[in-house]
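Where a number appears in this text, it was derived from the coordinates with a stated rule and is not lab data. This structure is a prediction, so every number in the text was calculated from the model and none was measured.
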């Protein structure tokens, strides 16, 4: 049994694309499937720089907002559309009964809002946010901060994430066990230690 479990947040503990669809409807109204797919692709599961995403949306849809205004507001607006996923809170809560559980996530203040909206803020023990630490995944520093907090050896820790580059590879490089929850194709050079298709599966392995 692992002493510590670290989770990524977006697309690991909640469906970020579903939240994005909610944001699109609130800001742009009902779009046809092709146009909605265009917005989702532009966002690139949050990897697109916010200014680039905002510029693309404004250019296509002519919103009455500046690029900077939209880029600044988008993270908190997106957080309002985060919905809990079935079984996630119950699983994380069960895991947290006899081990330390923490979040390691890229982003800013809106990440804590997302965690609250996902129903997990009172379940996890610690949250490491890149915007607060000045270190972003996949840099090793944010993982090292989390390991130092845990007071555990890397091999006693499991890192659970959806991103092969930002989550799985750097955690494995430090000696942590890894569990990949696919929301897209595997693009890493080495396979993850474990592949799961739902957070609820962790109850069998962790």
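Quick look at the numbers
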| quantity | calculated |
| --- | --- |
| With Cα atoms, 0 to 90° folded angle of helix 33-43 axis to the chain main axis | 60 |
| Degrees between helix 140-150 axis and first principal axis of the chain (Cα, 0 to 90, nearest 10) | 50 |
| Mean-position separation - Cα centroids, segment 168-187 and segment 110-132, in angstrom | 20 |
| Prolate/oblate/rounded label for segment 105-153 (Cα gyration tensor, a/c 1.5) | oblate |
| Cα gyration tensor category, rounded, prolate or oblate, for segment 1-114 with a/c compared to 1.5 | prolate |
| Helix-derived mean residue ellipticity, 222 nm - over the chain, DSSP H n ≥ 4, -39500 (n - 2.57), to 500 | -12000 deg cm²/dmol |
| Rh by Kirkwood over Cα pairs, then Stokes-Einstein D for segment 16-79 at 1.306 mPa s and 10 °C, µm²/s | 137 |
| Angle in degrees between helix 16-28 and the longest Cα principal axis of the chain, rounded to the nearest 10 | 20 |
